[in-house]
1. For E336, E72, give the ranking by accessible area with the largest first, probe 1.4 Å.
2. Could you name the aspartates and glutamates in cross-link range of K99, using Cα to Cα under 18 Å and dropping any fewer than eight places away on the same chain?
3. Distance from the Cα centre of the stretch 311-340 to that of the stretch 215-256, in angstrom?
4. Using a probe of 1.4 angstrom, how much of the accessible area of the stretch 161-286 is carbon and sulfur, in percent?
5. Collect residues whose amide H, placed 1.01 Å from N in the peptide plane, falls under 5 Å from the amide H of R286; neighbours closer than 5 in sequence don't count.
6. Restricting attention to the stretch 179-253, which trypsin sites (Lys or Arg not before Pro) occupy a DSSP loop and are surrounded by at most 10 other Cβ atoms within 10 Å?
7. How much accessible surface does D249 have with a 1.4 Å probe, in Å² rounded to 10?
8. What ³J(HN,Hα) values, in whole Hz, does the Karplus curve 6.51 cos²θ - 1.76 cosθ + 1.60 give for the stretch 161-171 when θ = phi - 60°, with x put for Gly and Pro?
Amino acid sequence: MARRRSTPPPPRPSPQRARSQPNRTGRETRSGSGRRIATAVVVLAAVVSALGLWLSRGDRRSLMLQAEAAAEAKDWEKATSLWRRINASPDASSATFLKEGSACLAASRAGQAEAALRKAVAAAPDEAPAWLLLAMIQRVEDRQVDVLSVGRRAVDLVAAADRASLLREVTLAALTELPDHLARTTLDRWLAADPTDVDAEAALLRRIGADPRSDDPDRRTRRDRLEALSRSRPDHVGAREALAILLADGREDDAFRAVLDAWPVDGRDARYWRLVGRLNLDVDRRPEPAADAFRRALEELPHDWRSHYGLARALSKMNQPEAAAREAKAVARIREAIDPMVIGPILEESVVRLDQASARGAVANLCARVGLDWLAQAWRSAPAPAPAPAVAGSTRPTP
């Protein structure tokens, strides 16, 4: 019987060859699964991000409603806190910075209000309300250099319909003084609410030095405080000016000179130059550099009768009688124009009728009479004002 041939089994691949032929199907399966997982992760991340953005926007809308409600209830501390949270978010705008500044001012935190208002005007320089509140704060603190700088910057930026309202604030700050009692009361209130407000403290100490009362801090106490402020804030011109005036009035010549020598170079405005003129004229007896210093002060403050008076004295000592006489006439003209008995009726009648060209012209003539030519020209070209918008917390001291 024939033997049946058995079929030999197929040869087995060697281990080396087996390793050289990967499982293609398994790899492709794992690759496709990885791509699906990655896609799912991306989609999930997008959903989470969108949900977070939606919730965040909802939260910020809720914050705005809460802030408006707090302002309506005159809870200025809460309103300030909420507006600050909003202004730390992408929803910050000129309007929200204005509302923060208004709430701060209503809470008597003028320095904090000014910081917020500066952000408001930077975000929307054509909108008047923030400029108006800035000018009001600077008027209370008798910061004429600053308020005139605000006016020069804003006059070409603010919408034409709001220009007369801004010019009114700048003119009142430049040509009138708040009653001493009103200014002191306001500054005291601001300092009680925010003891770190250097502008308010320097303004109050400067005002006390000009007309001290029996219950005011004595001269030594004021000097110590101003020296401490100048050390802690060497860049603060207001504190340095108040200290220099106190030292000059007390004839502490060496200390007066040291304050001027340490004055920051980028802060040497009219306040610095009129003090330099005083040092050169009254201490060093050098009329020529004194005259130069007073002229530099008058470039910024052409209506400053004290600088005109210092210049007249310097010119007289330089044997220039005609030039000295011109400056003396300027002193008389300016002092007459800004005398409360003269300027009061003009402004009282005009500022309530700024919709009439004749009233704006009367204020322009007054500005030109004291040497504020740019302000006079701005008044002449200003159209009738729009009705003033109501701003929370923007009550202003009346002159």
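1. If we order E336, E72 from most to least accessible, we get E72, E336.
2. The qualifying aspartates and glutamates are E68, E72, D75, E77, D91, E114, D126, E127.
3. 29 Å
4. Carbon and sulfur atoms account for 49 percent of the accessible area of the stretch 161-286.
5. Placed amide hydrogens put L281 under 5 Å from R286.
6. Answer in residue order: R213, R251.
7. 90 Å²
8. Karplus values, whole Hz, x for Gly and Pro: 5, 9, 5, 5, 5, 5, 4, 4, 4, 5, 5.
The values are calculated or read from the model by the stated rules, or taken from the named source; none is laboratory data. As the structure is a computational prediction, the values presented were derived from the model and not from experiment. We place every Cβ from the backbone using ideal geometry, glycine too, and count neighbours over all the protein chains shown. Heavy atoms of the whole protein, side chains included, go into the accessibility calculation; ligands, DNA and RNA do not. Shrake-Rupley method; radii C 1.70, N 1.55, O 1.52, S 1.80 Å.
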